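A.B. asks: Could you have a look at this structure, given as structure tokens, before my questions?
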Amino acid sequence: MTIKIFDPAHPNGVAYRSFAEAGLTKFVNDYSMHFASGSSALVNAGNRAAFEYTDAFSITGWLWLDAGTTDGTILARMGVDRGLKLYLSSSYLTLDLIHSAGDQLSGYAPTKVWDEGGFYFFGVTYDGSNAASTGLKFYLTGALDGCTVNDESVSGSIVESNVDLIIGYGFDGYLDELGIWRGAHTLTEIENLYITQIPKHLGRYASPASSRLVHYFRMGDSYLAPGLIIDEVTGGYATIVNATRETDIPTPFTPDPPPVPVLPSPTAYWKFDDGPWVGWTMLVDSIPPGLTGMNPSTHLGLGTAPPLVNGGTSCQLDGVTDWKGGASILCPTSFTMQLWITDASQMSTVCVMDAVDLSAYQPLLTLLVMYPYLYIQINGGAPQKTLALHTMPKHLIIVTYDSIAATVTLSFDGAPAFPLPWTPNPSSYGGVVVADIGKDLFGSYGSYVGPIDDAAFWIGTPLSPANITYIWNGGAGNPLI
């Protein structure tokens, strides 16, 4: 038997610990067990875990797959034709409760287990109901993944007597901290097991209760013989066959972040960080005009305001003045416009931003606010109502024109709002386009009142939805550069 030492000051309030940990102040996880299917590696744990299909039980542990591993048994108690088996099938964690060939309860986790060079926490629970669709659940990295049913129920006993529990046979990778429990763990109990993202001694939990722990294999720690590992619950031993103790152990694992989309460089980008401005002075374009072909913007005289994006200032439009910038575009070549605005109420219909063909003196795209709605106007046609502004302190408006798809897309706060057809005006082909911010160049509408920030203009590149989501970043308000 495992010798227990009474210790009322034991961490987490459990007043004992195993002899092998005497003198330690916390759980130390030093080893895992590595299995290689080519060497027929396994751990034979003896006649254990004889669960019936009417028993509720849970299995938890940590695994790390060798590269390319998609199949292999984690643990099984299988007789000639009946038993219990937890395994990977085409990278899906799967549990079978088998009465005979073709007569089984079976299901698998909907999400594949990754092969990313790190330990992965898993949990499987079964409530004894003989109904896979409601009673079998899979948990991956502490979260409920659900169950996809292979076979709904089993017709009879799954237990054969005098059958050994085998761990890791046909598996390629590492297993650690395997726990076999009475009862079906709840989501909260599974979350408690994973909350630190590293293992703790399973016998020290209040939820799930350590009294429900049937067998616990630390896979190499607290061993007294080179070829054996101890069952921390019963004190009995499991025999290692060709598997090896390794010092690789679960540590907090962060999967690779999703790739950041390559954001095309704007043709022009105004941060509005160089104010206050005196009438007719230049606004700094953060993209050098010599490289982009854009002209520095000019204005009549504008003030500064707190930034709508992180750092610097914004520009306080007064309803009279505006910003202008121009470039030669072979209309209708694809382009994108961006601007941050506030939810400030407007007393009349006002222009937020527009793109104008100066050679033909034709409006191409115009963004308007008829408070509280945002409108878009194409080729000087009737303004089309899109959506209402709301009480957020700032909004990101991005309009893209895709010349291939002949479509305009208005994106509002990171999400595409309205794709609209584009009908090119023949007179605009080959024209010189300017972006005008805060004022309608043709004088049909009033000028915007309030702060604006981080205006940008892309020529020849309609930004993708991934680009726009990256710029919005949940409303974080980060500058492009």
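Just so it is clear, none of the values below were taken in a lab; they were calculated from the coordinates. Just so it is clear, the model here is predicted, and its values are computed rather than measured. Every residue, glycine among them, receives a Cβ derived from its backbone with ideal geometry; neighbour counts consider all protein chains shown.
A.B. asks: Tell me, what HN-Hα J-couplings in whole Hz come from the Karplus equation 6.51 cos²θ - 1.76 cosθ + 1.60 at θ = phi - 60° for each residue of region 208-220, using x for Gly and Pro?
C.D. replies: Per residue, the Karplus-derived 3J(HN,Hα) values read x, 5, 5, 5, 8, 6, 8, 9, 8, 10, 7, 6, x Hz.
A.B. asks: Placing unit charges on C-beta atoms (Lys and Arg positive, Asp and Glu negative, everything else neutral), compute the dipole magnitude of region 27-246 about its Cα centre in debye, rounded to 20.
C.D. replies: Numbers: 12 positive and 25 negative charges, 84 e Å.
The dipole magnitude comes to about 400 debye.
A.B. asks: Sort 206-217, 311-322, 119-130 by packing, meaning the average of other beta carbons within 10 Å per residue, with the highest value first. Numbers along the way, then the final one.
C.D. replies: Values: 206-217: 17.5, 311-322: 19.3, 119-130: 21.5.
Averaged packing, sorted descending, gives the order 119-130, 311-322, 206-217.
A.B. asks: Starting at the first residue of region 457-474, write each ³J(HN,Hα) from the Karplus equation 6.51 cos²θ - 1.76 cosθ + 1.60 with θ = phi - 60°, in whole Hz, x for Gly and Pro.
C.D. replies: 9, 10, 10, x, 9, x, 4, 7, x, 5, 4, 5, 4, 5, 5, 5, 6, x
A.B. asks: Whose amide H sits under 5 Å from the amide H of Ile158, counting only residues 5 or more places off or on another chain, with H placed in the peptide plane?
C.D. replies: Here the answer is Tyr53, since their amide H atoms fall under 5 Å of that of Ile158.
A.B. asks: Name the long-range amide H neighbours of Val214: under 5 Å, sequence gap of 5 or more, or other chain; modelled H, no Pro or chain starts.
C.D. replies: Hits under the 5 Å cutoff: Ile180, Trp181, Arg182.
A.B. asks: Report ³J(HN,Hα) in whole Hz for each residue of region 378-385, in order, from the Karplus equation J = 6.51 cos²θ - 1.76 cosθ + 1.60 where θ = phi - 60°; Gly and Pro get x.
C.D. replies: Coupling constants for region 378-385: 10, 6, x, x, 5, x, 10, 6 Hz.
A.B. asks: Grab the beta carbon distance between Ile481 and Ser100, set R0 = 60 Å, and tell me the FRET efficiency rounded to 0.05.
C.D. replies: Efficiency, rounded to the nearest 0.05: 0.35.
A.B. asks: Still on this structure, please answer the following. Sorted by mean Cβ packing within 10 Å, highest first, what order do the peptides 349-356, 152-159 take?
C.D. replies: Sorting 349-356, 152-159 by mean packing, highest first, produces 349-356, 152-159.
A.B. asks: Next question, about the same structure. What number, in percent, do you get for the relative contact order of region 27-246 if the mean sequence gap of Cα pairs under 8 Å and at least 6 apart is divided by its residue count?
C.D. replies: The value is 31 percent.
A.B. asks: Here's another thing I want to ask about it. Can you tell me the order of 51-59, 472-480 when each peptide is scored by its average per-residue count of other Cβ atoms within 10 angstrom, highest first?
C.D. replies: With the highest mean Cβ count within 10 Å placed first, the list reads 51-59, 472-480.
A.B. asks: Skipping prolines and chain starts, which residues have an amide H placed within reach, meaning under 5 Å, of the one on Asn150, given they are 5 or more residues away or on another chain?
C.D. replies: Ser106, Gly107, Tyr108
A.B. asks: Lys and Arg at +1, Asp and Glu at -1: add these up for the other residues within a Cβ distance under 12 Å of His34 and post the number. Don't jump to the answer; show the numbers that get you there.
C.D. replies: On the way: positive: Arg245; negative: Asp66, Asp172, Asp176, Glu246, Asp248.
Around His34, the charge tally is -4.
A.B. asks: Lys/Arg Cβ at +1, Asp/Glu Cβ at -1, dipole of region 86-170 taken about the Cα centre: which of Trp114, Ser91, Ile166 is farthest positive-ward?
C.D. replies: Trp114
A.B. asks: Which chymotrypsin sites (Phe, Trp or Tyr not before Pro) from region 355-413 combine a DSSP loop assignment with at most 14 other Cβ atoms within 10 Å?
C.D. replies: Tyr361
A.B. asks: Still on this structure: In terms of Cα to Cα distance under 20 Å, which aspartates and glutamates are near enough to Lys271, apart from those fewer than 8 places away along the same chain?
C.D. replies: List returned: Asp285, Asp318, Asp322, Asp343, Asp354, Asp413, Asp436, Asp453, Asp454.
A.B. asks: Full-extension gain between Phe418 and Leu187, please, as 0.36 nm times their residue separation minus the C-alpha to C-alpha distance. Present the calculation step by step, with values, prior to reporting the outcome.
C.D. replies: Numbers: separation 231, 0.36 × 231 = 83.16 nm, distance 3.99 nm.
Fully extending the segment from Phe418 to Leu187 adds 79.2 nm.
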